[in-house]
Every structure is written in structure tokens, then in C-alpha cells.
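**Student:** Just passing along the structure, written as C-alpha cells.
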Amino acid sequence: MIKQSFSPIIGKEPTILILGSLPGDLSIKMNQYYAHPRNRFWQLIFKIFNRSYSEDYAERVQLIKENNIVLWDVTYSAIREGSMDSNMKGEILNLIQELLDEHQTINKILFNGKKSEQLFMKNFEKNPSIRYFSLPSTSPANAKFSTEDLIKVWKEAIDC
């Protein structure tokens, strides 16, 4: 039941770091960030950057890179039954501080859900030159937010 995250997707001169907690089972199986068809992450990213939605993972990765974003997870590996963040234990963290040291152009960190924010805040020091945004999860388990509401909140964080 040990699950492992992926390498980050990194834009050329990233200004935004988007952090999830740990990929779900389908994402791990497909080796793609946010692969579950009901996860709304890719829908909102395409909408925010005024691009036509695509199922093609290479196009998704290119969109992240073109917009100077880093897409990664706080957790490198954890014991987890299923895909729910609430089932995670024994987390080993990714080398986020090293990433921030290497890419000092990053001035915003967006947390995709509470678990990623909690893990980050518990284990890393906040940098006063970085703005932090706690955003509602794009997971299908977060049914209380409509896709339109998610797009609005995420767009505000990305644009500000």
C-alpha cells in the first residue's frame, strides 16, 4: 500500500508552485497528474488560461510549462489504502525547499486542498517573499464546490 508521487512538471521560469498531497490510484496507474476523469484540475487550468480543453496529457503538461508553473505534490511517498488523503500515513516528503532554492522566481504557492497545505505548513518554513493560497480541492470527493466556483477561486489566486 505504499504510494509514490511523480517528478515535478516545471515551467522554464516558474512563478507558481501548485502542490497536491499525493496522486490517487488512477493517476499512479496512468503515471499522470490528476488522471481521474472526475477530477476537475485540468478543466479549470484550461479555462483559466483560455485554452480549449484537451484530454491529451502532453498538451496538459505543455500548458503547465508555458504558464511558468511547477506542478508537484508535498508527499514523495506514503502508506495509503485507496486514494483518499484521510487514509495517508507515514508520509515521506518531497524536497520542496530544494525546489524553491533552485527556482527563486516562484512567488506563489497554491495548495490543492487542505491536506497538502497541512503537510507543507507542518514541515516547511514559510518564506516571506512567497504568497500562499489555500484552495479548495479539485478532487471528485470535494462535491460541495461546483466547477464554476472552483474556476473562480483558483483564477483569483493565479491572477493576483
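The values are calculated or read from the model by the stated rules, or taken from the named source; none is laboratory data. Fair warning: this is a prediction, and the values are worked out from it, not measured in the lab. Glycine also receives a Cβ, built like all others from the backbone with ideal geometry; neighbour counts cover every protein chain displayed. The protein model used for the area step is the full one, side chains on, heavy atoms only, and it has no ligands, DNA or RNA in it. Shrake-Rupley method; radii C 1.70, N 1.55, O 1.52, S 1.80 Å.
**Student:** Springs between alpha-carbon atoms under 10 Å, Gaussian network over the chain: tell me which of Tyr33, Tyr132, Tyr53 tops the mean-square fluctuations.
**Tutor:** Between Tyr33, Tyr132, Tyr53, it is Tyr53 that shows the largest mean-square fluctuation.
**Student:** Another one. What does the accessible area per residue of the chain come to in Å², with a 1.4 Å probe and no ligands, DNA or RNA counted?
**Tutor:** Values: 8600 Å² over 160 residues.
On a per-residue basis, the chain sits at 54 Å².
**Student:** Here's another thing I want to ask about it. Using only Cα positions of the stretch 1-142, each an equal point scatterer, no hydration layer, compute I(q)/I(0) via Debye at q = 0.09, 0.13 Å⁻¹ and quote the log10 values to two decimals.
**Tutor:** -0.24, -0.53
**Student:** Cut-off 10 angstrom, C-alpha nodes, Gaussian network model of the chain. Which of Asp73, Asp149, Asp25 fluctuates the most?
**Tutor:** Among Asp73, Asp149, Asp25, the largest GNM mean-square fluctuation belongs to Asp149.
**Student:** What are the principal axis extents of the Cα atoms in the stretch 63-160, in Å, biggest first?
**Tutor:** On the principal axes, the stretch 63-160 reaches 36, 34, 24 Å in Cα extent.
**Student:** Starting from the stretch 1-103, pick out the trypsin sites (Lys or Arg not before Pro) whose DSSP state is loop and whose Cβ has at most 16 other Cβ atoms within 10 Å.
**Tutor:** Details: sites: Lys3, Lys12, Lys29, Arg38, Arg40, Lys47, Arg51, Arg60, Lys65, Arg80, Lys89; in loops: Lys12, Arg38, Arg40, Arg51, Arg80.
Hits after loop and neighbour filter: Lys12, Arg38, Arg51.
**Student:** I want the local charge near Ser52. Using Cβ-Cβ distances under 13 Å, sum +1 for each Lys or Arg and -1 for each Asp or Glu among the other residues. Please report the intermediate quantities before stating the final value.
**Tutor:** Working: positive: Lys47, Arg51, Arg60; negative: Glu55, Asp56, Glu59.
Once all neighbours under 13 Å are counted, the net charge is 0.
**Student:** Additional query: Determine the share of the chain's accessible area contributed by carbon and sulfur atoms, expressed in whole percent, with a 1.4 angstrom probe.
**Tutor:** Values: 4210 of 8600 Å².
About 49 percent, which is the carbon plus sulfur part of the accessible surface.
**Student:** Compute the length gained on full extension between Asn67 and Asp159: take 0.36 nm times their separation in residues and subtract their Cα-Cα distance, giving the result in nm to one decimal.
**Tutor:** So the chain would gain 32.0 nm between Asn67 and Asp159.
**Student:** With a point put 7 Å past each Cα toward its Cβ, work out how far Lys126 is from Ala143 in nm, to one decimal.
**Tutor:** 3.4
**Student:** Also, quick follow-up: Taking the chain as a Gaussian network, where each spring joins two C-alpha atoms under 10 Å apart, which residue of Glu55, Glu91, Glu13 fluctuates the most?
**Tutor:** Largest GNM mean-square fluctuation: Glu55.
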